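**Q** Before anything else, here's the structure in question.
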Amino acid sequence: MKLDPKYAAAYYNRGIVRDDLGDKQGAIHDVQKAGELYKQQGDNANYERAMKLLESIKNQHYRICLFSSA
């Protein structure tokens with residue numbers, strides 16, 4: 001990403017890895033960035049894919065926060 005900060009797939013993939021490692025906030029940030037870049041680049045299919053993943057991560061994060069505060 002240092003070499004090409006507009007490479008959306010790098011943010012998307014790092015978001016997946018961060019999610020797998022339990023870094024939900026980092027995952028949300030990266031997938032949001034990927035979505036923004038895909039949209040700017042006119043890549044609607046990958047934009048939609050990123051938005052679906054983002055929703056999934058956010059829902060999972062919300063459930064974790066909900067249960068840990070109970």
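**Q** Quick one: in the range 14-42, of everything that is without any contact (Cβ under 8 Å) to a residue 12 or more places away in the chain and among the hydrophobic types (A, V, I, L, M, F, W, C), which residue is surrounded by the most Cβ atoms within 10 Å (Cβ to Cβ)?
**A** Once the filter is applied, the top-ranked residue is Val17.
**Q** Restricting to the range 3-13, count the residues that are among the hydrophobic types (A, V, I, L, M, F, W, C) and surrounded by 17 or more Cβ atoms within 10 Å (Cβ to Cβ). Before the answer, list the steps.
**A** Just the residues of the range 3-13 that are among the hydrophobic types (A, V, I, L, M, F, W, C), to begin with: 3, 8-10.
Cutting the leftovers down to surrounded by 17 or more Cβ atoms within 10 Å (Cβ to Cβ) gives us 8, 10.
Residues flagged as among the hydrophobic types (A, V, I, L, M, F, W, C) and surrounded by 17 or more Cβ atoms within 10 Å (Cβ to Cβ) within the range 3-13 amount to 2.
**Q** On to the next question. In the range 43-64, is there at least one residue being at pLDDT 95 or above, surrounded by fewer than 12 Cβ atoms within 10 Å (Cβ to Cβ) and more than 12 Å from the chain's Cα centre (by Cα)?
**A** yes
The values are calculated or read from the model by the stated rules, or taken from the named source; none is laboratory data. Since we're looking at a predicted model, the values are computed, not measured. Cβ sites come from the backbone with ideal geometry, for glycine too, and all protein chains shown count toward neighbours.
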